[in-house]
Amino acid sequence: MSDPGSDGPSVGDPASPERVAELTDALAAARDRLTAAAHDAGRDPGEIELLVVTKFHPASDVVALVDLGCRSFGESREPEAGRKAAAVRAAVDDTVRFDMIGTVQRRKATSVARWADRVHSVDREAVADALARGVDVAREDGDREGPLDVLVQINLDGDPDRGGVVLDDLDALADHVAGLDGLRLRGSMVIAPQSHTPARWMEQAAVAHARLVSAHRDATEFSAGMSGDLEDAVRHGSTCVRVGTAILGERPLRSP
Ligand SMILES: *Cc1c(COP(=O)(O)O)cnc(C)c1O
C-alpha cells in the first residue's frame, strides 16, 4: 500500500487480519444500532450520517474502514489529524472525507483549513475568523477549492472549559460565521454535558438547534450523539452521529 519510492505521508503497515475482523464486527454492530434507532424514531436511516471517529487510532485502521465502506471520518487534533488525512488520501483517493471535531486552536486554523471537509467545533468568533483566513491561504496555495463547511458547537452545561458557545451567545456567533467569506454555516454540534441525562440534554440541544435553523435556513445539520448516546440523539433529530469507541475500541493511551 505504501509507495517505497515516495517520501510522502504513508499509512505504514496494513491492519492485521485480526484487527480487520474486529473492525468488521464492530462496524456492523454500530450500523445496526443506528438503523434500529432510526426506525424506533420513525426516521429514514439514510438521512443520518455515521461519522467514524478515528482520533488516536492509526491510519491503517482508517484504510481498513474505507475498505469496509466508510467514507467520512472525524479527527480531533492537529497535527495528527492532518497527517492522517494526507496518508489515507494518498493510499486510497482524495475523496475520503475528514472532519475536524475537536477544539481548533487559532494558530493551527490554517493547517485545519487545508485538510478538513467540515469543522464541527466553531465556538468563538476568533476561531471562525482564523478559519476564514486559513481558507484564503489554503486556496492560494492550491490546497483547497471550495469554502469550508462549519458547525457552531453549542455548550449546554455552562462550563466554558468544555468548549462550545453558551446559549446566550449562539445567535451572535451564528450571524458572525454566516457573514464570513470562505465559511459556510451548515448547522450545530453538541457534546453531552456530564451534568444531565442524555435524553434531557438532547432535548435542550434540539431546541437550540431549531432556533439556529429559524435564523439560518441552510444550517440544518445537527451533529449529535456518540458511542454512548446515539439513540437519544437520533430520537431528537441528529443528522450526524460521531462514533469512536463503539467501532474502534478504547483509544490507545498516548503520552502528551
Ligand atoms: C472522541 C469524540 C467522539 C467519539 O466519542 P466516542 O464516545 O468514542 O464514540 C465524538 N465527538 C467528539 C467531539 C469527540 O471528541
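Quick check for me: using +1 on Lys/Arg Cβ and -1 on Asp/Glu Cβ, what's the dipole size of the chain about its Cα centre, in debye to the nearest 20? Working shown, then result.
Values: 30 positive and 44 negative charges, 43 e Å.
The calculated dipole for the chain is roughly 200 debye.
Please list log₁₀ I(q)/I(0) at q = 0.22, 0.23 Å⁻¹ for segment 38-106, using the Debye equation with identical point scatterers on the alpha-carbon positions.
With one equal scatterer per Cα and no solvent, log10 I(q)/I(0) is -0.89, -0.95.
What is the sum of charges around L23, taking Lys and Arg as +1, Asp and Glu as -1, for the other residues whose C-beta is under 11 Å from the C-beta of L23?
On the way: positive: R19; negative: E18, E22, D25, D61, D67.
Here the count lands on -4.
Count charges around E221 for me, please; just the other residues with Cβ under 13 Å from its Cβ, Lys/Arg as +1, Asp/Glu as -1.
So the environment of E221 carries a net charge of -1.
Please report, in cubic angstrom per residue, the volume enclosed by the convex hull of the alpha-carbon atoms of segment 194-249.
Numbers: hull volume 4.2 nm³, N = 56.
It is 75 Å³ per residue.
Do me a favour and compute the ellipsoid semi-axes for the chain from its Cα gyration tensor, root of five times each eigenvalue, largest one first, whole Å. Intermediate results must be reported in sequence, preceding the final value.
Numbers: eigenvalues 158, 117, 46 Å².
Over the Cα atoms of the chain, the semi-axes work out to 28, 24, 15 Å.
What accessible area, in Å² to the nearest ten, does a 1.4 Å probe give for H236?
Counting only protein heavy atoms, the figure is 50 Å².
For a test of the definition: using alpha carbon positions, the gyration tensor, and the 1.5 limit on a/c, classify segment 36-181 as rounded, prolate or oblate. Intermediate values should be presented prior to the final figure.
Working: a/c = 1.77, a/b = 1.13, b/c = 1.57.
Verdict is oblate for segment 36-181.
For segment 53-156, state which GluC sites (Glu not before Pro) are in a DSSP loop and have at most 12 other beta carbons lying within 10 Å of their beta carbon. It would help to have the intermediate numbers written out before the result.
Values: sites: E75, E80, E125, E140, E145; in loops: E145.
Passing both the DSSP loop test and the Cβ count: E145.
Given points 7 Å out from each Cα along the Cα-Cβ axis, report the R200 to D32 separation in nanometres with one decimal.
3.3
I need the GluC sites (Glu not before Pro) found in segment 147-252, filtered to DSSP loop residues with at most 13 other beta carbons within 10 Å of theirs.
Working: sites: E203, E221, E231, E250; in loops: E250.
Taking segment 147-252 and a limit of 13 other Cβ atoms within 10 Å, the loop GluC sites (Glu not before Pro) found are E250.
The values are calculated or read from the model by the stated rules, or taken from the named source; none is laboratory data. Fair warning: this is a prediction, and the values are worked out from it, not measured in the lab. Cβ sites come from the backbone with ideal geometry, for glycine too, and all protein chains shown count toward neighbours. The accessibility values were calculated without ligands, DNA or RNA, using every heavy atom of the protein model including side chains. Shrake-Rupley method; radii C 1.70, N 1.55, O 1.52, S 1.80 Å.
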